[in-house]
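The values are calculated or read from the model by the stated rules, or taken from the named source; none is laboratory data. What you see is a predicted model, and the numbers here were worked out from it, not measured in a lab. Positions of Cβ are backbone-derived with ideal geometry, glycine not excepted, and every protein chain shown enters the neighbour counts. To get the accessible areas, we keep the full protein, side chains included, count just its heavy atoms, and leave off ligands, DNA and RNA. Shrake-Rupley method; radii C 1.70, N 1.55, O 1.52, S 1.80 Å.
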4 protein chains.
Amino acid sequence: MIIVLKSGISDAEVDDVCRRITEMGYGPHVIRGEFKTIVAAVGEERGRPDLRLLEALETVDSVMPVQQPFKLASREVRRESSEVRINGVTVGGRDVVVMAGPCSVESEAQVLEVAEARKRTGLPVVTEVLETESVELVAEYSDILQIGARNIQNFTLLRRVGEIGKPVLLKRGMATSIQEFLLSAEYILSAGNPNVILCERGIRTFETSTRFTLDLNAVPVLKKLCHLPVVVDPSHGTGHWDLVAPMAKASVACGADGLIIEVHPRPEEALSDGPQSLKPSKFAQLMRELRPVAEAVGRGL
Amino acid sequence: MIIVLKSGISDAEVDDVCRRITEMGYGPHVIRGEFKTIVAAVGEERGRPDLRLLEALETVDSVMPVQQPFKLASREVRRESSEVRINGVTVGGRDVVVMAGPCSVESEAQVLEVAEARKRTGLPVVTEVLETESVELVAEYSDILQIGARNIQNFTLLRRVGEIGKPVLLKRGMATSIQEFLLSAEYILSAGNPNVILCERGIRTFETSTRFTLDLNAVPVLKKLCHLPVVVDPSHGTGHWDLVAPMAKASVACGADGLIIEVHPRPEEALSDGPQSLKPSKFAQLMRELRPVAEAVGRGL
Amino acid sequence: MIIVLKSGISDAEVDDVCRRITEMGYGPHVIRGEFKTIVAAVGEERGRPDLRLLEALETVDSVMPVQQPFKLASREVRRESSEVRINGVTVGGRDVVVMAGPCSVESEAQVLEVAEARKRTGLPVVTEVLETESVELVAEYSDILQIGARNIQNFTLLRRVGEIGKPVLLKRGMATSIQEFLLSAEYILSAGNPNVILCERGIRTFETSTRFTLDLNAVPVLKKLCHLPVVVDPSHGTGHWDLVAPMAKASVACGADGLIIEVHPRPEEALSDGPQSLKPSKFAQLMRELRPVAEAVGRGL
Amino acid sequence: MIIVLKSGISDAEVDDVCRRITEMGYGPHVIRGEFKTIVAAVGEERGRPDLRLLEALETVDSVMPVQQPFKLASREVRRESSEVRINGVTVGGRDVVVMAGPCSVESEAQVLEVAEARKRTGLPVVTEVLETESVELVAEYSDILQIGARNIQNFTLLRRVGEIGKPVLLKRGMATSIQEFLLSAEYILSAGNPNVILCERGIRTFETSTRFTLDLNAVPVLKKLCHLPVVVDPSHGTGHWDLVAPMAKASVACGADGLIIEVHPRPEEALSDGPQSLKPSKFAQLMRELRPVAEAVGRGL
């Protein structure tokens, strides 16, 4: 951490800040510039007080971190990419994985009808867990536990799915920065579960022609910063069925390990998210068109 | 709802959209402009299918609502402002109410120390409820149930606090639009609890010199659209203790019914949110400075 | 336009609004819903007063447009895609076009050095025009006139490049909505210049791990709404050289007609934008990797 | 500047970075932490190469500034607040100054009609300069030169109004951070003109119930960071006439030195910005209500 001091403070005040840093368990290094004096605080941060509390002092201008606040997820700690295995399917390997289905379960018949599309691609079942107490039940009947965008900072729930060990699909919140996203992943990893898949699904911006702004930049940024698999949800991310195909191709082209796509036999009757769902015929066409894109970037589908 | 059709569609296609609107229980009115044909769908929306599903049709360009999607909270339905009474304190009445205290409970001694500040202003206890199953326990020991910014769209939790009937402090999420904020309030009201207090606490924008962008525009907008009391949290909203006093005064000046302010005897040792906490002496000074501002807009403190 | 009236207004007040609409040259159609009365105003908007002024009336709640405010750029008016021809190169045709070079001209030697990279790809010269009075001079020595992101709403400049007729590369501003972007293009088209190329180059959001948030959703949205060619600038859009290659591939995959890429022989000595510039060797590698992506979506390079 | 190096780089690579820093004219100080090595570069930045270029190196993770990039505007350099005097009116002094009038000049009669409102408050004339070549002409007939939000980074124009010396009203752009805003002010100051007034007028966010999000937090943040007067434009900032009065009061309460308010005798016929204009009677009422708010924070009107 870098502690930037206010201008014009006395030597005694610099000493006071250094003394506090030492008491908190870190080593202070003072650097005097022409206008500003800074103190670099060196030391492992885990298990020690948060240096940002020093911002509450009247002599401190700001406290700036110099390293990413996550370790287990970091590619600096683990160079090779992680793979998550689910029922014989590998997410994060050479092949791009596609998960498809309706947003809500509506009837038995519908599940069977959509399963036809899924059968051809051989994909696992993802179920969202909304509350800590239902984690075990959902884990029993599902291949992947999804943490929805609204629960990205529900740390009780993150810890619980971390303890369960089942693959977790972690969706970025609509106002979650990439750094906060990785901190939430770190929370699951540190509870003992290495099977975390990150999912970009759109952020909220001033642009209203799409439901959210699907942030594909997040794909290469996440692949650079961490070793976890990254998938993209262009259906929720854009909110319009006719944008799903081009953004799915773009996701694969910039390095996504997988896609989550809403498919519904009769979108205009869907219980939720109809306007962003593909009909099965259009989904099948997208699958045909995606394959050459995946191959163009050295991957299979 | 206004259903905007795509250009160049045939009369038979217009008829098909009208037939669907009728089947969904609404009355269609076709208006043909020079370039666009629109269909206005008239009828009560509660208990009928959502017309926005029509966006999934290839003949429909977009579906636009013409009225606010909330009723119970609306000032069009109830002209006079609502008041919420807590232990003899009225929120939403003539006097501006100030709630103060530390963000986290840290020790028994600290609670007693801060209680001194609170004793002089005579304020109720607010406790955040994080999970549906703890609502009843928290309701037993607390005067106000707080729904935090992260749970603004946790509809299970909103319904539960709606059933309990105890006063609810509903905090706006950092990516929640004012319309979505009022929809969440509507959810609590429709479960039978009229005692809802809205709290503006900052939204996420590109500006980084403050932790969030405290959106004071929300105060007069909310007072215009709904009849519920509106309070402001300038501590979380700005993230810096030295911005709390000016933004607290601004909140009162633009019509806020109350304030929530972080106070901590030793901010640099706080378990959380130290940099945004006021010391008790600065809080006492703010109280002295707030009174004339409240009086300038015709209110007491 | 749909004029939404306030609740509880009298018949005389509705008549007053209709009278004003008629006086402005439009035909009013009143639709009475259960809670709201709306008036649809029908008629060509060009050359008539802006109906949004009615929002200044105390009886009017809001005024909502039902059609896009641009015509010449609209795909509803012109179905087939436009092509812009520059020195034998076609932007908007089957082949994806790549424009490359340094952001600023630094020396004669550097221009020659970078020209080597350009020679192999055979690309035209783009020069930004900053002021209305320099449009003619720049037009004389340049193949394409660039309107930078900061001038996207400089209507004097837009009109001037519209009158000149030379191809224009119009860069989206960092806070420009897609609708506003198309309105700026409409301004150039209506001055008589059909040779407009749209360029997505990143919008400002809360995310700080990239310099801007390159909004690739804009590519298919623009291709759906208008008939103009769309190119992407992943260098300015991301601000980091190591994100340029993946986002360039994604741009092509979602339908971009071209790319603008910063190339600099010694990025660490660049006068501007060094951190986002590719070295010539990395640029050559990107060109090799882009070709199969273009072919995967049915295009050449 | 703090140069954060990538993990796992060799001593020779650290030496290479230090050598480059020395060549650029700064003094390097290496600090080795448990996971990260950083180099603090000490020295005056004016007239030397920008250290952020080092981000183009593959061994550098990021470059972080530790001091504000503006000097002349900084309150650290000049403690006392600046005052700008215009025709006997002082902006930045004890009294809050109100500037009022229509957004566009529409006719001679209208100018005379609105002048009545202005006469009672005794206010100077503000005119926007749109192009560099018209600066001198506008300066001749106007008391204050306004730089509009769209020109906030038009550095040619900023330099020109800096050379003229006449008071400048600098409006924040809708996507301009506070730091960038102060950099633009610095540009005018460094051209020799100390008479700069900053104006907050709303930023673009995801919230659509107001035209922009008027960011009142900017007022105390600017007053903390710099010594220049700060005024607020609640008319453009909110876009709705009925939000002008509450936000004007809030502006004064949080420390604004002045207000700019749109007034129009017949808003529904205004050439531009009618929906946000106050009628003269409502403006007169606002003036009466503002006085006690100004007095409550120790100021006059």
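Solvent-accessible area lost on pairing D with A (1.4 Å probe, both sides summed) amounts to about 2200 Å².
The lysines within cross-link reach of C:Lys249, meaning a Cα-to-Cα straight distance under 23 Å and a gap of 8 or more places when in the same chain, are A:Lys223, A:Lys224, A:Lys249, C:Lys119, C:Lys171, C:Lys223, C:Lys224, C:Lys279, C:Lys282. Assuming charge only on the beta carbon of Lys and Arg (+1) and of Asp and Glu (-1), the dipole of chain D about its Cα centre is about 880 debye to the nearest 20. Within the protein assembly as shown, antiparallel bridges make up roughly 45 percent of the DSSP beta bridges whose residues both belong there. Each peptide in A:256-265, D:247-256 was scored by the mean count of other Cβ atoms within 10 Å over its residues; highest first, the order is D:247-256, A:256-265. Solvent-accessible surface of region B:136-235, averaged per residue with a 1.4 angstrom probe and all protein chains in place: 28 square angstrom. Expressed to the nearest 5 percent, the antiparallel share of DSSP beta bridges inside chain C is 45 percent. Overall, the protein assembly as shown carries a charge dipole of about 0 debye about its Cα centre when +1 sits on the Cβ of Lys and Arg and -1 on the Cβ of Asp and Glu, all other atoms neutral.
Residues of region D:258-298 that bury at least 30 Å² of accessible area when the other protein chains are present, relative to the chain alone (probe 1.4 Å, heavy atoms, ligands and nucleic acids excluded): D:Glu268, D:Pro275, D:Val293, D:Ala296. Mind giving me the FRET efficiency for A:Glu34 and D:Phe35? R0 is 45 Å, r the Cβ-Cβ distance, nearest 0.05 is fine. Efficiency at R0 = 45 Å is approximately 0.95.
Starting from the Cα gyration tensor of the protein assembly as shown, take the square roots of the eigenvalues, sort them a ≥ b ≥ c, and report rounded, prolate or oblate (rounded when a/c is under 1.5, otherwise prolate if a/b is larger than b/c, else oblate). Here the protein assembly as shown falls in the rounded category. The phi-based Karplus calculation (6.51 cos²θ - 1.76 cosθ + 1.60; θ = phi - 60°) puts the 3J(HN,Hα) values of region A:204-218 at 8, 9, 6, 6, 10, 6, 10, 4, 10, 9, 4, 9, 5, 3, 4 Hz, whole numbers, x for Gly and Pro. Shielding of peptide B:197-210 by partners, expressed as the average count of other chain Cβ atoms within 10 Å per residue Cβ, is 6.
The mean number of partner chain beta-carbon atoms within 10 angstrom of a residue's beta-carbon across peptide C:239-247 is 5. In the assembly of identical copies, A:Arg46 has its label point, taken 7 Å from Cα in the direction of the beta carbon, separated from the corresponding points by 4.7, 5.4, 6.7 nm (ascending, one decimal).
Mind pulling the angle between the C-alpha long axis of helix B:241-253 and the longest principal axis of chain B? Nearest 10 degrees, somewhere in 0 to 90. On a 0 to 90 degree scale, this one is about 60. Sorted from nearest, the other copies put their D:Glu133 label points 0.4, 7.5, 7.5 nm away, the label point being 7 Å from Cα in the direction of Cβ. Look at the alpha carbon pairs under 8 Å that are at least 6 residues apart: their mean separation over the length of chain B gives a relative contact order of 16 percent. Taking every protein chain into account, the accessible area of region B:13-75 amounts to 46 square angstrom per residue (probe 1.4 Å).
Note on chain A: helix-only mean residue ellipticity at 222 nm, from DSSP H runs of 4+ residues weighted -39500 (n - 2.57) and normalised by residue number, equals -10000 deg cm²/dmol. Note on D:63-69: average number of Cβ atoms from other chains within 10 Å of each residue's Cβ is 5.
Computed from the C-beta positions of B:Arg266 and C:Ile9 and an R0 of 45 Å, the FRET efficiency is 0.20 to the nearest 0.05.
Overall, the accessible surface of chain A at a probe of 1.4 angstrom is composed of carbon and sulfur to the extent of 49 percent. Heavy-atom accessible surface of B:Asp61, to the nearest 10 Å², is about 70 Å², with a 1.4 Å probe and all protein chains retained. Less than 17 Å from a label point 7 Å out along the Cα-to-Cβ axis of C:Arg78: which backbone N atoms in region C:188-207 qualify, by residue? What the label zone holds, given the 17 Å backbone N cut-off, is C:188-199.
Can you tell me the 0 to 90 degree angle between the C-alpha axis of helix C:11-23 and the longest principal axis of chain C, rounded to 10? Here the helix axis deviates by roughly 50 degrees.
Quick check on region B:197-301: take the gyration tensor over C-alpha atoms, sort the square-rooted eigenvalues as a ≥ b ≥ c, and tell me if it's rounded (a/c under 1.5), prolate or oblate.
Here region B:197-301 falls in the oblate category.
On the rotation that sends chain C to chain D, the chain C Cβ lying closest to the axis gives residue and distance in whole Å as C:Ala175, 2.
In the complete set of protein chains, residue-level accessible area for D:Trp241 is approximately 50 Å², probe 1.4 angstrom. Rounded if a/c is under 1.5, else prolate if a/b beats b/c, else oblate: with a ≥ b ≥ c from the C-alpha gyration tensor eigenvalues square-rooted, which is chain D? Taking the square roots of the gyration eigenvalues as a ≥ b ≥ c, chain D is prolate.
On a 0 to 90 degree scale, rounded to 10, what angle separates helix C:108-121 from the longest Cα axis of chain C? So the inclination is approximately 80 degrees.
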